[in-house]
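Peer 1: This is the structure, below, for whatever I ask next.
The values are calculated or read from the model by the stated rules, or taken from the named source; none is laboratory data. Model, not experiment: these values are computed from the prediction. Neighbour counts run over all protein chains shown; Cβ positions are idealised from the backbone, glycine included.
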Amino acid sequence: MNHHTPVLLKESVVNLITNKSGLYFEGTIGFGGHSELILSHLDDKAKFIGTDKDSNAYLHCKNKFKNDDRVRLYNTSFTNISNISKIEFIEKYDGIFVDLGVSSFQLDDKDSGFTFREDVQLDLRMDKSKGEPASFYLNKLAEKELTEIFFKYGEERNSKKIANMICDYRINNKIKTTGQLKGIIEGITPEKYLTKALSRIFQALRIYVNNELEELEEFLNKAVSLLNKNGRLVVITFHSLEDRIVKDFLKEKTKDCICPPEYPVCVCNTKPELKIITRKPIVTSAEEIKNNKRARSAKLRVAEKI
Ligand SMILES: C[S@@+](CC[C@H](N)C(=O)[O-])C[C@H]1O[C@@H](n2cnc3c(N)ncnc32)[C@H](O)[C@@H]1O
């Protein structure tokens, strides 16, 4: 079974590796597509630390790389990069990589509760041992909060109407499944916009239950402080909210002054920490999109520690 087709595979690995005997961190090992190619470019002295929140992905990679002594894997969030590095006695990395979002396996697997193509428990958590499933929040949050989530994380124009319908529905029913949520959205969305609306609402809930944008910001800050001089930070994003965070973060870290513009002289002593390698993000080729539709929104950004 093909669990996941890695996106922008060669482009990310070529940009990540600057020292074949170096130390590397991959925050989103998934089903090990990128990890495998990274490892094939490294020699015996190298070390590779990987994390994934999802236990299926972690167990898959644990087995896949069981005979490779260079590999150490953790079933946890990539925001734990600092603690893990301490455990591994690693001070700095030569390359840090994340391929954000979810794998095809998570999207398609009934038990993962991500898909709106089947009627399954509405969960959407990558780590099912922490927090509450999406259905919990749909039954609990106020209409205003649901509207905000759908608008902020899904950029859905009908957020208010959908939130209102959910609140009406739950007066007499408890929302438990993807089919129930799909039914509510179907009731107020014209057929031709339905798939887009479903994708946006499911994306919004997924970002919310997994705390994805906050975790990304926390991770980026930690990652920069853990890079060696000339070490590379390589990030693949899949939607505009993530990409904006990465783009703005990288830009901020290239600045040599953050004083308010009205200050006549610089007093902040800021030193740029990063040099941007990809002025414009690398995107997927028509050929890659033809073979893997899910690659179409991917953007790859690369920066180097100064
Ligand atoms: C697009 S897939 C990665 C696929 C992988 N590069 C491959 O080639 O198989 C994203 C993975 O990141 C994981 N993930 C997302 N956010 C995470 C986080 N904050 N910490 C750890 N893993 C995360 C998901 O569980 C998923 O397995």
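Peer 1: Assess whether Gly183 counts as being free of Cβ contacts under 8 Å to residues at least 40 places away in the same chain and either surrounded by fewer than 20 Cβ atoms within 10 Å (Cβ to Cβ) or outside any helix (DSSP H, G or I) (or both). Steps first, answer last, please.
Peer 2: Values: free of Cβ contacts under 8 Å to residues at least 40 places away in the same chain: yes; either surrounded by fewer than 20 Cβ atoms within 10 Å (Cβ to Cβ) or outside any helix (DSSP H, G or I) (or both): yes.
Considered against the rule, which asks whether it is free of Cβ contacts under 8 Å to residues at least 40 places away in the same chain and either surrounded by fewer than 20 Cβ atoms within 10 Å (Cβ to Cβ) or outside any helix (DSSP H, G or I) (or both), Gly183 comes out as yes.
Peer 1: Of everything in the range 216-231, what is touching a Ser or Thr at 6+ places or on another chain (Cβ under 6 Å) and basic (Lys, Arg)? Give them in sequence order.
Peer 2: The one that is touching a Ser or Thr at 6+ places or on another chain (Cβ under 6 Å) and basic (Lys, Arg): Lys222.
Peer 1: Another question, then. Sort through Phe89, Phe116 and tell me the only one that's touching a residue at least 12 places away in the same chain (Cβ under 8 Å) and assigned to a loop (DSSP other than H, G, I, E, B).
Peer 2: Numbers: Phe89 fails: touching a residue at least 12 places away in the same chain (Cβ under 8 Å).
One residue alone meets the criteria, Phe116.
Peer 1: Something else about it: Name the residue, out of Phe97, Phe89, Phe116, that is farther than 23 Å from Glu217 by Cα and assigned by TED's automatic domain parsing to the domain that holds Ile17. Give the derivation first.
Peer 2: Values: Phe97 fails: farther than 23 Å from Glu217 by Cα; Phe116 fails: assigned by TED's automatic domain parsing to the domain that holds Ile17.
Matching residue, one of Phe97, Phe89, Phe116: Phe89.
Peer 1: Any residue that is within 30 Å of Leu274 (Cβ to Cβ), of a type in the set (Val, Ile, Thr) and surrounded by fewer than 16 Cβ atoms within 10 Å (Cβ to Cβ) - is there at least one of those in the range 89-106? Can you show your working first?
Peer 2: To start, the set of residues in the range 89-106 that are within 30 Å of Leu274 (Cβ to Cβ) comprises 89-103.
Within this subset, residues satisfying the condition of being of a type in the set (Val, Ile, Thr) are 90, 96, 98, 102.
Retained after the next criterion (residues that are surrounded by fewer than 16 Cβ atoms within 10 Å (Cβ to Cβ)): none.
Checking the range 89-106: not a single residue is within 30 Å of Leu274 (Cβ to Cβ), of a type in the set (Val, Ile, Thr) and surrounded by fewer than 16 Cβ atoms within 10 Å (Cβ to Cβ).
Peer 1: Could I ask something else about it? So Thr76 clears everything in (1) out of contact with any Gly (no Cβ under 9 Å at 6 or more places or on another chain); (2) within 24 Å of Lys305 (Cα to Cα) except one condition, right? Which one?
Peer 2: Condition not satisfied by Thr76: (2).
Peer 1: Do we find that Gly30 is within 20 Å of Leu233 (Cα to Cα) and either near the ligand (Cβ under 8 Å from one of its atoms) or part of a loop (DSSP other than H, G, I, E, B) (or both) in this structure? Before the answer, list the steps.
Peer 2: Working: within 20 Å of Leu233 (Cα to Cα): yes; either near the ligand (Cβ under 8 Å from one of its atoms) or part of a loop (DSSP other than H, G, I, E, B) (or both): yes.
Here the answer is yes, as Gly30 does meet what is asked.
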